Amino acid sequence: MIDLTLKKYSQGALEALKENVKCYPEDGELWWSSYSDSRRFDKPIGSVGGDGYPEFNFTYEGKNYRYKVHIVLWALTYGEWPSSQLDHKDRVRHNNKIDNLRGCSYSENLANRSSRGLSKYRGVCYYKATGDWTARVMKEGVSYYLGYFKTEEDAHQAYKTKAKELYGEFYTDGE
């Protein structure tokens, strides 16, 4: 069974990865640098996991760990594990070029995602009881209710204004 605890993010594990993996930050790729029967040398490390992020297995001190490619790439580039979540600026989960990755909080990471729900806009919902549209933005567990609007577009404009204020460079309109 794969151990998904944070113990896999020790300095010793990072040193073991340095010995076994070549890192190409500008290309966003990791390649095996040492031989093993199960390792392929004809393509970059990683296969897309269930959440859409490239990942790979690595054995450290007799235990098999599953790593996300972007996290290891960051650690090998900067010499330490990231102290926060990592965000893909362009929202493309397999684009692991180092200039596409940035440290962020949980809320900032959520801010840079695509729209979901019935509305075509993030943060906008249809309120069936009144026939109006509502808008709200969340950051760090605080919900900012922005009111009722006659059109979906007006609600979206209110969302955009507040989200830009709260999230700055992490803001995306979710389209």
> Hey, among the residues in the stretch 62-80 that are more than 21 Å from Asp51 (Cα to Cα) and in contact with a strand residue (DSSP E or B) (Cβ under 7 Å, 6 or more places away or on another chain), which one's surrounded by the fewest Cβ atoms within 10 Å (Cβ to Cβ)?
Replying inline: Thr77
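Among residues belonging to the stretch 99-124 that are in a helix (DSSP H, G or I) and touching a Phe, Trp or Tyr at 6+ places or on another chain (Cβ under 7 Å), point out the one that is modelled with the highest pLDDT. Give the steps one after another, and end with the answer.
Here is the first cut: in the stretch 99-124, the residues in a helix (DSSP H, G or I) are 99-100, 106-111.
If we keep only those that are touching a Phe, Trp or Tyr at 6+ places or on another chain (Cβ under 7 Å) as well, we get 108, 111.
On the way: Glu108: 83, Ala111: 73.
Among those residues, the one meeting the criterion is Glu108.
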> Tell me, which residue of the stretch 56-98 that is in contact (Cβ under 8 Å) with a residue 40 or more places away in the chain and of a type in the set (Asp, Glu) is farthest from Asp27 (Cα to Cα)?
Replying inline: Glu61
> Do you know which residues across the stretch 125-175 are part of a loop (DSSP other than H, G, I, E, B) and under 17 Å from Cys104 (Cβ atoms)?
Replying inline: Glu140, Gly141, Tyr171, Thr172, Gly174
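Out of all the residues in the stretch 105-123, is one or more surrounded by 16 or more Cβ atoms within 10 Å (Cβ to Cβ), more than 19 Å from Tyr159 (Cβ to Cβ) and in contact (Cβ under 8 Å) with a residue 40 or more places away in the chain? Before you say what the answer is, go through the steps one by one.
Step one: list which residues in the stretch 105-123 are surrounded by 16 or more Cβ atoms within 10 Å (Cβ to Cβ), which gives 107-112, 119, 121-123.
Pick out the ones that are also more than 19 Å from Tyr159 (Cβ to Cβ) and you get none.
Among the residues of the stretch 105-123, not one is surrounded by 16 or more Cβ atoms within 10 Å (Cβ to Cβ), more than 19 Å from Tyr159 (Cβ to Cβ) and in contact (Cβ under 8 Å) with a residue 40 or more places away in the chain, which makes the answer no.
Suppose the filter is over 30 Å from Tyr24 (Cα atoms) and either surrounded by 13 or more Cβ atoms within 10 Å (Cβ to Cβ) or touching a Phe, Trp or Tyr at 6+ places or on another chain (Cβ under 7 Å) (or both); does Val142 pass it? If you could, list the steps in order and put the result at the bottom.
Numbers: over 30 Å from Tyr24 (Cα atoms): yes; either surrounded by 13 or more Cβ atoms within 10 Å (Cβ to Cβ) or touching a Phe, Trp or Tyr at 6+ places or on another chain (Cβ under 7 Å) (or both): no.
Answer is no for this residue.
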>> If Arg93 satisfies all but one of (1) surrounded by fewer than 18 Cβ atoms within 10 Å (Cβ to Cβ); (2) not assigned by TED's automatic domain parsing to the domain that holds Trp74, what's the number of the condition it fails?
In response: (2)
> Taking into account only those residues within the stretch 13-67 that are in contact with a Ser or Thr (Cβ under 8 Å, 6 or more places away or on another chain) and in a helix (DSSP H, G or I), which is nearest to His94 (Cα to Cα)?
Replying inline: Asn20
> Taking the stretch 57-79 as the region of interest, how many residues are closer than 23 Å to Glu169 by Cβ and of a type outside the set (A, V, I, L, M, F, W, C)?
Replying inline: 4
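The values are calculated or read from the model by the stated rules, or taken from the named source; none is laboratory data. Bear in mind the structure is a predicted one, so any value in this text is a computation, not a measurement. Counting neighbours? That spans all protein chains shown, and the Cβs are built from the backbone with ideal geometry, glycine included.
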